[in-house]
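Visitor: The structure's right below; bear with me while I get my questions together.
Nothing in this text is a laboratory measurement; each read-out follows from the coordinates by a stated rule. These figures come from a predicted structure and were not determined experimentally. In this analysis, Cβ positions are derived from the backbone assuming ideal geometry, glycine residues included, and neighbour counts consider all displayed protein chains.
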Amino acid sequence: MKGFVTFGEIMLRLTPSYKGDKLLLANDFSVGYAGAESNVAISLACLGNQVDFISKVPNNPIGKAALLSLKKFGVTTNRVLFGGKRMGTYFIELGKSIRPSRVVYDRQGSSISKLTVGEFEWKTILKDKEWLHLSGITPALSDQCAEETVLAAKVAKEMGVKVSFDLNFRRTLWPSGNKARIIFSRIIEHSDLIFANLGVLNDVYGLRFAEEDSLERTKNAMLKASSLFGVDQMAFTIREHRSASQNKLQGMAFSYGQINVSKVYEVQIEDRFGTGDAFAAAYLHAVGNKWSVSRAIEFATSAFALKHTIKGDLHTSTEEEVLSIMDGNLLGHVIR
């Protein structure tokens, strides 16, 4: 199988070392490196795929450590640029029970946000690749990041490389949902596969669905989104919050008019960050291997659920481990 390319920002993640600590009171922090597109890259690599990550990081020990965090999982970083003065950073306060999790970004002026025209040679980067994966976070970082994301999608489409686009929307990064909608629509124009959920359709496109049942709402949302976007393939996550510690999860796929729904998972949450990226990577892995849509959405939802049990943003489970969950091994028995 030809390889994958992901493009976006990798950041320094700082989380209070003692689980449950609030940022206001934390004295010690655990260090990690993550970002929507780098998370997908690592997960795809752990599932056995060849993956190139494209970004720009500062030429200092922090930037180099971020690249090492990708390389150790087998992600290729040869075309990552060095430049700019700082690594984007985010702080995570993990919630519990009735207390929600919280994210504080410190990424303004990061290296990738200072991209200039022509720094990436997309025809060379995308040569002999099958998929380019993008998200809605990178375009929010600067006007040039938005233009570069659109350009990458456009060149990929011209070259016959398939484009997947995760409509990640971060309210604190965009001046308005309307600005996001303009950029998202330009990327969707060149996309083959969309990842989304009900929340982003509401926040960015003002679409609301009144059905009480979450499955019916999601089905109607997919039909509306397919018509609105002109896209024939989509995969949505469905999340029902019991609390910050427990969620009910499901997945739904739309493919050329047909809808497939996954099994339901009830999970106790260790860390919910990066779970949508795990879902996207697993679905891309399945599609790349030409699995049926029903098998693909079951596999992606199993990965989505499994990631909730793993500390940190990264989903490092193998195909075998995800398939075990998919096959119903949910009791957590010790493997000896």
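Visitor: Please tell me if residue 299 is without any contact (Cβ under 8 Å) to a residue 40 or more places away in the chain and under 18 Å from residue 315 (Cα atoms).
Guide: Judged against the criteria, residue 299 is a match.
Visitor: Within the stretch 154-162, is even one residue surrounded by fewer than 24 Cβ atoms within 10 Å (Cβ to Cβ) and under 17 Å from the mean Cα position of the chain (by Cα)?
Guide: yes
Visitor: Output the number of the condition that residue 33 fails; it satisfies all remaining conditions of (1) aromatic (Phe, Trp, Tyr); (2) surrounded by fewer than 20 Cβ atoms within 10 Å (Cβ to Cβ); (3) in contact with a helix residue (DSSP H, G or I) (Cβ under 9 Å, 6 or more places away or on another chain).
Guide: Every condition holds for residue 33 apart from (2).
Visitor: Looking at residue 323, is it surrounded by fewer than 19 Cβ atoms within 10 Å (Cβ to Cβ) and assigned to a helix (DSSP H, G or I)?
Guide: Yes; evaluated as a whole, the condition is true for this residue.
Visitor: Here's something else I'd like to know. Select, from 109, 118, the only residue that is surrounded by fewer than 16 Cβ atoms within 10 Å (Cβ to Cβ), free of Cβ contacts under 8 Å to residues at least 40 places away in the same chain and under 17 Å from residue 86 (Cα atoms).
Guide: 109
Visitor: State all residues of the stretch 236-269 that are within 16 Å of residue 298 (Cβ to Cβ) and outside any strand (DSSP E or B); if no residue qualifies, say none.
Guide: 262, 263, 264
Visitor: Could you list, in sequence order, all residues of the stretch 271-296 that are within 16 Å of residue 258 (Cβ to Cβ), surrounded by fewer than 22 Cβ atoms within 10 Å (Cβ to Cβ) and either among the hydrophobic types (A, V, I, L, M, F, W, C) or touching a residue at least 60 places away in the same chain (Cβ under 8 Å) (or both)?
Guide: Selection gives 291, 293.
Visitor: Please determine, by comparing only the residues of the stretch 44-82 that are under 18 Å from residue 32 (Cβ atoms) and polar (S, T, N, Q), which one is surrounded by the fewest Cβ atoms within 10 Å (Cβ to Cβ).
Guide: 60
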